[in-house]
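Okay, so here's the structure we're looking at.
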Amino acid sequence: MFFDTKAVHAGITPDPATGSIVPPIYQTATYILEEVGKDKGFDYTRSSNPTRATLENSLAILEGGKYGISFSSGMASVDAILKLLSSGDHVVSSNDVYGGVFRLFNEVLSRYGLSFTFVNTSEPSAVEEAIRPNTKLIWLETPTNPLLQITDIDLISKIAKAHDILLGVDSTFATPYLLRPLEWEVDIVMHSTTKYLSGHNQIIGGILITNSEELNGKLKFLQKTIGAVSSPFDCWLTLLGLKTLSLRMARHSSNGLEVAQFLADHPKVERVIYPGLQSHPQHEIAKRQMKAFSGMISFDLKGGFDAGKTLMNSVQLCALAESLGAVESMITHPASMTHADVPEDIRVARGLTNGLVRISVGIEDVRDIMADLEQALDKV
Ligand SMILES: *Cc1c(COP(=O)(O)O)cnc(C)c1O
């Protein structure tokens, strides 16, 4: 089956009781046993729920994996991976990670005896050099947020295998429509389903996907033990979103490329970061490992912070909002919004300048998106 067909049908079977084409929402906490020790595969919704199981199965199939483990947020799913580790263990992580992931690593988990080295993972030698005898996890984000750096997953996977280190990839910006990291034998793929996968700004959720029976067992154990599970209703809403994933991603990507070219040609724009542009330092890698380049663009205006602020206060169609990956175009100022918790010196050293603007290009008519940006740029 081709991917576009899978997006509509994977893991979905008509409800056995009624034939309902849409999987029902099993809004229940518990399940009545027929007799002691005999259940129908479900005993308590923290452990398992049929609506959640359907979502886990669908997403596992789309990602080309065997097992899906769903969580109440992307952050809860990252946290579960880190709970595979023990005090004293070390992690090598992409330095341009999602702001919340940086906060979790640096401000919470570092208090529990885990240590972290942040490197630019688009340079494989930097990853290799950061590995220590106690390194247990390499954590990649590709494309990264918000600098859209691309990591060569194949190369990092070989390094991880050679050192017997677990490799996890936050693939939120790409989705399985554009990139399937398991093809390079990554151990665990993670998504914030809040973004492109659900696609309509309707839920907060996360998912982990793995091919390893052992990892699945450990992650399912953490899921039910910690209890940060997604609700049946949120799973159901995500399942509805998934059906149009292919259509949406194709449109996000074509709109994204047009808007990136428009910005690159605009006299008030200093630089545009978009993996689909030849000017992107890892454009060739992106072309090789991704089907297209998604709708995420970051750019700097001539005039820095004040110019960025004027632009963001002047847009009318684009929503000034945190988050990304939904049908609506959204615009963000990472330095004051998503990455406010990353200390300024670290931020700026990484290239995340005070004037950087990130746009999540939606699925509207691209002419309207560009007209909105044009009138806002006029005011800068
Ligand atoms: C949003 C996001 C997260 C966190 O997910 P939540 O669902 O908001 O908890 C992690 N990584 C990336 C790349 C994200 O965009």
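The values are calculated or read from the model by the stated rules, or taken from the named source; none is laboratory data. Everything numeric in this text was worked out from a predicted model, so none of it was measured. Here the Cβ is made from the backbone with ideal geometry for all residues, glycine too, and neighbour counts use every protein chain on show. These area figures cover heavy atoms from the full protein model, side chains too; ligands, DNA and RNA do not enter into them. Shrake-Rupley method; radii C 1.70, N 1.55, O 1.52, S 1.80 Å.
A compact table of results
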item: Which numbered condition P176 fails, given (1) within 13 Å of the ligand (Cβ to nearest atom); (2) of a type outside the set (D, E, K, R); (3) touching a Phe, Trp or Tyr at 6+ places or on another chain (Cβ under 8 Å); result: (1)
item: In segment 283-323, the residues that are of a type in the set (A, V, I, L, M, F, W, C), modelled with pLDDT under 95 and within 16 Å of the ligand (Cβ to nearest atom); result: A321
item: Near pairs, Cβ below 8 angstrom, 6+ apart or cross-chain, from segment 178-207 (within 10 Å of F71 (Cα to Cα) and in a loop (DSSP other than H, G, I, E, B)) to any residue that is within 12 Å of the ligand (Cβ to nearest atom) and of a type in the set (D, E, K, R); result: I204/D234; G205/D234
item: Subset of segment 208-227 (residues that are in a loop (DSSP other than H, G, I, E, B) and either outside the structural domain of I153 (by TED's automatic domain parsing) or closer than 15 Å to R52 by Cα (or both)); result: G227
item: Number of the condition not met by P281 [criteria: (1) on the phi < 0 side of the Ramachandran plot; (2) open to solvent by less than 60 Å² (accessible area, probe 1.4 Å)]; result: (2)
item: Qualifying position, being free of Cβ contacts under 8 Å to residues at least 12 places away in the same chain and either under 12 Å from L208 (Cα atoms) or not in a strand (DSSP E or B) (or both), among K40, K6; result: K40
item: Matching residues in segment 194-244 - criterion: being within 13 Å of the ligand (Cβ to nearest atom), among the hydroxyl-bearing types (S, T, Y) and more than 18 Å from I12 (Cα to Cα); result: T194, Y196, S230
item: Helices (runs of 4 or more DSSP H) within segment 51-144 that include 3 or more residues out of contact with any helix residue (DSSP H, G or I) (no Cβ under 6 Å at 6 or more places or on another chain), outside the structural domain of T332 (by TED's automatic domain parsing) and more than 16 Å from the ligand (Cβ to nearest atom); result: 124-130
item: Test for T353: is it assigned to a helix (DSSP H, G or I) and among the β-branched types (V, I, T); result: no
item: Some residue of segment 89-106 being open to solvent by 50 Å² or more (accessible area, probe 1.4 Å), of a type outside the set (K, R) and closer than 13 Å to I346 by Cβ; result: yes
item: Index of the failed condition, S294 passing every other in (1) under 30 Å from V8 (Cβ atoms); (2) open to solvent by 10 Å² or more (accessible area, probe 1.4 Å); (3) not in a helix (DSSP H, G or I); (4) not aliphatic (A, V, I, L, M); result: (2)
item: Test: residue in segment 155-163 that is at positive phi, surrounded by fewer than 19 Cβ atoms within 10 Å (Cβ to Cβ) and not assigned by TED's automatic domain parsing to the domain that holds Y274; result: no
item: Where a residue in segment 304-321 is in contact (Cβ under 8 Å) with a residue 40 or more places away in the chain and its partner, wherever it lies, is open to solvent by less than 50 Å² (accessible area, probe 1.4 Å) and in a helix (DSSP H, G or I), with Cβ under 6 Å and at least six apart; result: L311/A376; S314/A376; V315/D372; V315/A376; Q316/D372; L317/D372; C318/D372
item: Residue within segment 233-248 that is aromatic (F, W, Y) and closer than 15 Å to I297 by Cβ present; result: no
